[in-house]
Structure formats: structure tokens, C-alpha cells
1. Given the structure, is residue 40 farther than 22 Å from residue 113 by Cα and not in a loop (DSSP other than H, G, I, E, B)?
2. Which members of region 94-127 meet the condition of being assigned to a loop (DSSP other than H, G, I, E, B) and modelled with pLDDT of 75 or more?
3. Among the numbered criteria (1) more than 24 Å from residue 117 (Cβ to Cβ); (2) over 22 Å from the mean Cα position of the chain (by Cα); (3) surrounded by 14 or more Cβ atoms within 10 Å (Cβ to Cβ), which one does residue 26 miss?
4. Which of the residues spanning region 78-87 are in a helix (DSSP H, G or I) and either loosely packed, with under 12 Cβ neighbours inside 10 Å or at pLDDT below 80 (or both)?
5. Could you check how many residues of region 53-74 are part of a helix (DSSP H, G or I) and exposed (fewer than 13 other Cβ atoms within 10 Å of the Cβ)?
6. Quick one: which residue in 15, 5 is assigned to a helix (DSSP H, G or I), over 25 Å from the mean Cα position of the chain (by Cα) and either closer than 29 Å to residue 97 by Cβ or in contact (Cβ under 8 Å) with a residue 24 or more places away in the chain (or both)?
């Protein structure tokens, strides 16, 4: 770990603890809990939305097992080719992409292509 990064992390920990003590002494226990929520809320939201996004991507995989990966991918690609406003907006997300539980159509296509490639690799290894 670089020295600058270690120093930054150490400083951050000290500031968080100092901020917690200051908030607790001024606003009491309720203020302290609000402080913790503000600090850790975005991280927890990102983690839970990431889990929900992975479940939706797994749902795509399960659906592709029912109808076939090729046909399912072609449907997703046709939807992508329509260039609907909301689909284009989800493709262009920057920071909000990390806090969203809805994968973009591009993420869904890439995920299925990766799974398809993995399955093809497994089949080739067995035969």
C-alpha cells in the first residue's frame, strides 16, 4: 500500500471518529445514529442494489435456459436496436449505475454473452 494512501485512510478514520464524538456530544444518540446513517448509508445501498442487480441478471440466465440463449440474446439486441429513450438513458448512467438495481440492456447482453462463452468453454473441455 502506498504511503499516501495509508496516510489518507488513517486520517479518514481519525476524522470519522472525531466527527462521531463531536456529533454525539452536540446532538446526542439520535444525532450519532443519523451521522452513521449518512456515512454508511450509500455503501449499504450500493451493496444491496448490487445484489438485486445480480439477481436480475441471473433471471436473464434462467430465462435464456428456457427459450435458448441465442433467441433470448437476439430479442435483447432487437430491444437495444430500438433505441428507446429510457434504455438509452440507462446506458449513459455514470455514478448512478453503481446505486441502481436495474441493469442496462448492454449489461444484460454482455452478461449473457459471457455466460454463453463460459458454457461453450465448459462443453468444449468435457468433449
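1. Yes; evaluated as a whole, the condition is true for this residue.
2. Answer for region 94-127, where residues must be assigned to a loop (DSSP other than H, G, I, E, B) and modelled with pLDDT of 75 or more: 100, 101, 102, 103, 104.
3. Of everything listed in (1) more than 24 Å from residue 117 (Cβ to Cβ); (2) over 22 Å from the mean Cα position of the chain (by Cα); (3) surrounded by 14 or more Cβ atoms within 10 Å (Cβ to Cβ), residue 26 misses just condition (3).
4. Scanning region 78-87 gives 78, 81, 85, 86, 87.
5. Residues in region 53-74 being part of a helix (DSSP H, G or I) and exposed (fewer than 13 other Cβ atoms within 10 Å of the Cβ): 10 in total.
6. On inspection, the qualifying residue turns out to be 15.
The values are calculated or read from the model by the stated rules, or taken from the named source; none is laboratory data. For clarity, every value in this text was computed on a predicted model and none was experimentally measured. For neighbour counting, all protein chains shown are included, and Cβ atoms are generated from backbone atoms with ideal geometry for every residue, glycine included.
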